[in-house]
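In what follows, a structure is listed as structure tokens, so that the remarks can point back to it.
The values are calculated or read from the model by the stated rules, or taken from the named source; none is laboratory data. The shown structure was predicted, so the numbers you read here are calculated from the model rather than taken from an experiment. Because the Cβ atoms are built from the backbone with ideal geometry, glycine has one as well, and the counts that use them run over all protein chains shown. Please note that ligands, DNA and RNA were not included when accessible areas were found on the heavy atoms of the full protein model with its side chains. Shrake-Rupley method; radii C 1.70, N 1.55, O 1.52, S 1.80 Å.
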Amino acid sequence: MITADAFLEALNLPTEHPYIPFDASASDITDAPKEWSITNYFYSWKDSPSSSPAAQDLTSSIDCSSTLPMPSWAAKFTSNNVCNSEVDGAPPAIAAGSNNTSTEVSFLEEISPCLIAIFHMNLILWAPIVLLICLRRLTKKPLHRNQRRKTHTHADRQDGGESETNKQTSSSKTFFPATTTADQHLTVTTHTKTKQTAHKGKKAKATQDTLSFFAFPTNVFSKAESQDEAAMSSPTGGYFTYVVGLFFSALVMTDPMYVFEFSQAALVLIHLLIITLGMKRLGAKVALYTALPVSAIAFYMIAHQDLNLPTFAPGLYYDESNSLVTTAVSKWPIDKRTYDDGRGTPWMMTGDTRTGLPFMFYKIPEIDFQRRWIPLPDEKEAVILDVAFPSNNVIESNKRVYLVLHGINGDSHEGYVADFVDRQVRQGNVVAVMVTRGLGDSPILGDNILHFARTKDVEAAARALKSAISEVSDDGGLLLSGVGYSMGAITLANYVATSGAQCDLDAAVAISGALDTREQVNFLRSASLWQPFITKALRDTLLSSFGNKIRSRLSQQQLQESIKAATLVDFDRTFFVPYHDFDSLEDYYSRLGAMGDFVSYDNP
């Protein structure tokens, strides 16, 4: 057995940043507290620096205790970006180091890609539910004309007895004819009011028919209530449902994620089913004329768009000529070579929901980390290594040590990372999370800020953990495995590929990463759906934490272009490539991906 204290002693890493003296001022280390960012500028204002020990040490000389003045909404949408030193409420460190350099980019111009992505994402996520409601309503049996008239009369009575009022008014005209000029005037006035009331009733009815679509039924397959039947039996309610069904069926049959999950043929059949039901309810002429433009656009997109779907079957791929890999594969049961072992979530229809819903509803567990710093002597920098141990602080010799790399803008408390750490320490394993340089409130002393093609930080972390394992485990039972998520998976695969025989990991698992990041340029769906959020979050972190360093290397035009970047590809091109002097975007992506030097399968 190995104790946690023995492992930390063997790790032999400092508990504080090795190159920052305790009395260092914030101006010597970093530009501003990380908590102040463009996102916080829009949503909320925080009154104090971060509560983490590292951030307190770094921001001791910055007075953020007073409440920052909040500009008006109009000022937010018309004022320059936070890189302008004249923006009200800018932290002193940013204002002092800005050198009066402004970037004429309005806040609305910067936030608009995220707003468009939010709208697009909601359409995509709600599409199955909306289609289900449309199919349910369109498949109702149309009411007979007499039944429809009775249903409308009953609904009008529920809405305020307007029909009864009209009948009484009409009766007064029939049985009490006007005989004088005054009576004739009264009768005309009564008829005018009756027409106005009827007009208002029709207008209210049309509004009710439209709004009734959005009332989600208690039981989708139950018999409709009279109010729903009245709405569907009217031309307005049925036509509106038909148009919505057309739009969303066209949307899903042109979306790569839905096509990948259900096949394009099945989604086209749903679209044709909507048209057929519309012809039955509304008539062939109305249904076909309405469907023609929507269907034409959808089928044109199907014929011309590249969905970027996988061109190979799922499974295990390996080089049979590699004896080491072949031996490992032979020990792996065939029935275990799958992503789905029966414990999945089939009720989540696409990868979007399987990714987004855990972020929205899963409660992130609290993890007790032991923080250590990995020195990088050649640069006088250090990166964070957060280590978690089993609750009894005892490590069995048959357990594992994991080195985890988080996503593009995360840290050791990122949702997926925290979930993995919590599950593994419960099983008695040790998990060490390496925080990407400059993230998680970690300082950068020089100008060499983060970029994701760098693998030397991972190499230093793996070497430190491997050395500690060798010291505390005499029989070599403890294995070191790497686990990467998203961008961490890309970095992990790149490290394994570039280090070769010098790799200190015994195994590595890359989750939701990429091997050839040059293909990212062609991934248009992610560019319009979720990349705007990640791009903005990363840009906010970099500008708020390292604004002075960035302005010292990038021109005003380059800075403006990076702030306007709506996707990660655009941000990589306008920020990381010029800042770190890569030759081009292709050069950066070639260094970033494990298959960056891959040409083709014929000439690898």
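Some observations on this one:
- For the stretch 445-491, the Cβ-based charge dipole about the Cα centre amounts to some 200 debye (Lys, Arg positive; Asp, Glu negative; other atoms uncharged).
- At the listed q of 0.16, 0.19 Å⁻¹, the Debye profile of the stretch 454-604, built from one uniform point per Cα, gives log10 I(q)/I(0) equal to -0.98, -1.20.
- Computed lengthening from ASN12 to ASP422, 0.36 nm per intervening residue step minus Cα-Cα distance: 145.2 nm
- Cα centroid separation, the stretch 477-550 to the stretch 398-456 (Å): 11
- Fully extended contour minus Cα-Cα distance, from SER555 to SER112, at 0.36 nm per residue: 157.1 nm
- Calculated FRET efficiency for the pair LYS285/TYR339, C-beta based, R₀ 35 Å, to 0.05: 0.10
- For TYR317 and SER499, the FRET efficiency from 1/(1 + (r/R0)^6), where r spans their Cβ atoms and R0 equals 30 Å, is about 0.90.
- SER263-ALA507 FRET efficiency (beta carbon distance; Förster radius 41 Å; 0.05 resolution): 0.70
- Potential lengthening between THR276 and VAL329 on full extension [0.36 nm per residue; Cα-Cα distance subtracted]: 13.9 nm
- Heavy atoms of the protein chains alone define the surface here; on that basis the stretch 475-538 has 42 Å² accessible area per residue at 1.4 Å probe size.
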